[in-house]
1. Quick check on ASP189: is it over 22 Å from CYS283 (Cβ atoms), assigned to a helix (DSSP H, G or I) and of a type in the set (Asp, Glu)?
2. Could you go through segment 106-115 and let me know if any residue there is at pLDDT below 90, open to solvent by 70 Å² or more (accessible area, probe 1.4 Å) and basic (Lys, Arg).
3. Could you name every one of the helices (runs of 4 or more DSSP H) located completely within segment 296-364 that has at least 1 residues being surrounded by 18 or more Cβ atoms within 10 Å (Cβ to Cβ), of a type in the set (Ser, Thr, Tyr) and at pLDDT 90 or above?
4. Restricting to segment 193-203, and then to whatever is crowded, with 18+ Cβ neighbours inside 10 Å and free of Cβ contacts under 8 Å to residues at least 60 places away in the same chain, can you tell me which residue is nearest to LEU304 (Cα to Cα)?
5. Could you please give the count of residues in segment 159-198 that are among the β-branched types (Val, Ile, Thr) and under 26 Å from the mean Cα position of the chain (by Cα)?
6. Modelled with pLDDT under 95 and open to solvent by less than 20 Å² (accessible area, probe 1.4 Å), is that true of ALA289?
7. Checking the structure you have, find out if any residue of segment 205-222 is without any contact (Cβ under 8 Å) to a residue 12 or more places away in the chain, surrounded by fewer than 19 Cβ atoms within 10 Å (Cβ to Cβ) and not small (Gly, Ala, Ser).
8. Taking VAL190 and the conditions (1) surrounded by fewer than 14 Cβ atoms within 10 Å (Cβ to Cβ); (2) within 30 Å of PHE48 (Cβ to Cβ); (3) among the β-branched types (Val, Ile, Thr), which numbered condition does it fall short on, given that it satisfies the others?
Amino acid sequence: MPESTDQHNRSKDSFKALLRSLDDTSSTGRKQKKVNPLDPYLTAARFFRLNYDLFANIFVILRDGILAEFKPEDADHNQEQNEEIQANIHLFTAFSKLIPNFSNLIMKLKREPDSLTSFLKSMESAANAAHCDDMGSLKHTGLQYMLNDPTKDRFDPPILKSHSQALRGWNHPQTARLLCPARDIAEFDVDPQSYMDKVNAGEKKISAKQWPSMFYDMSLYDPKNKKKGFLQSRVVIQAWRHIFTGPMSALSKDNIGCSSKPGKGKMHHLAEPGIRNIMYATCQMYFTASNAESWTPVIRAMDLGDLYYRAVDIIQDNADQQWVKDLMEFWKEVAATDDSGTNDNMDNFFGDDTAAADQHDEENETRSPTPNQSNPGSPQNDAPPTPPHSSPTSSSSPAPPHTGSRHLLILAPRHLLVLAPQHALNANLLL
């Protein structure tokens, strides 16, 4: 039904107000205190890295999605798109569905090219600002999540707020232990300083092939069955709560929902934890424990993008396995309680986590990676190709998307199934 004159005028006035608000948006992407029509879009963008893709280039994703959605009528719709563009379009489609009237807004903005560019940059800035806010929030508070008992334990030597982050990472035994590969923890505990010296000297290279002990409930860890305790560490749980249910809830289940301000999960209608937002919190804590002074996706030999996509890949590829179902149930309970956990007696899917296994991985890195075969009827059979990746560089902004020859199904608000890129390396090979 055509809009009435009054409806049309209200819509026109709203759009003009939004254009005016674009001129008032701060360069950081943070919303101004006054309410304006741009707020809902910036709010949605602030959740992008938390729940959709930590390393994706949101400006490019929005650009590619808009170009695909609003192709000219005479355009060749059969023209082949490269893998990166196809993946970006699918991610754009899923993300934009959560934003009311987004397509209508873009249709109007396309008539104002400068305003459209300004809008996309504002969305990108908002996404980056949210990521930076979480880094700042965890920079000092996150330290207490690394202690077994924050009420009693202390860092020795002390790590104070006035101290540079350079004192962390492989320069402090307690943070180094969290970054230490889980399989090496016994060696580390025999002589922490010797292990740290070898890392700092480059004799030991800690990469994304080695799950950090920070990922694990180490009381459950089994080097021959690495799914036991995987992504169940107290450090990751408390960081996830800090970000998604609020800092007050991080250390105590009794404080969930007690803050006068709703947590980010509730604000964005996050139904339950998913692997993408779990890995977002995990990567944030890895950075917090490291000695990097500013955000960088690569810390020494550790590529956080590889680590992120590798974990997401494994959970997606094995979504029908009981240990993954148990893990997701564990996290559903984590969102509201500390009393959770499962026993996993499955066979050795992850294989033997040994140096020999790593040597095998290194030998195979020179070969072309072979994608895993999807199970018949599995959702990823309908997923799009994924984008290539250029090596990330140190920056205050998140890195570009990682490479991928396959793609993932991720959990989003209201159980929305989101298709997004992943790293090209074969997860089974890495494990």
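1. So ASP189 passes the test.
2. yes
3. 304-317
4. Initially, segment 193-203 is screened for residues crowded, with 18+ Cβ neighbours inside 10 Å, giving 195-196, 199.
Those left that are additionally free of Cβ contacts under 8 Å to residues at least 60 places away in the same chain: 195-196.
Details: TYR195: 21, MET196: 20 Å.
Among those residues, the one meeting the criterion is MET196.
5. Number satisfying all stated conditions: 2.
6. Values: modelled with pLDDT under 95: no; open to solvent by less than 20 Å² (accessible area, probe 1.4 Å): yes.
No; evaluated as a whole, the condition is false for this residue.
7. In the first step, residues of segment 205-222 are kept if they are without any contact (Cβ under 8 Å) to a residue 12 or more places away in the chain; the result is 219, 222.
Imposing the further condition that a residue be surrounded by fewer than 19 Cβ atoms within 10 Å (Cβ to Cβ) reduces the set to 219, 222.
Among the residues that remain, those that are also not small (Gly, Ala, Ser) are: 222.
Among the residues of segment 205-222, at least one is without any contact (Cβ under 8 Å) to a residue 12 or more places away in the chain, surrounded by fewer than 19 Cβ atoms within 10 Å (Cβ to Cβ) and not small (Gly, Ala, Ser), which makes the answer yes.
8. (2)
The values are calculated or read from the model by the stated rules, or taken from the named source; none is laboratory data. A quick note: this is a predicted structure, and the numbers were derived from the prediction, not measured. Quick reminder, even Gly has a Cβ in these numbers, built from the backbone with ideal geometry, and neighbours come from all protein chains shown. For the accessible areas, the whole protein counts, side chains as well, though only heavy atoms, and no ligand, DNA or RNA atoms are used. Shrake-Rupley method; radii C 1.70, N 1.55, O 1.52, S 1.80 Å.
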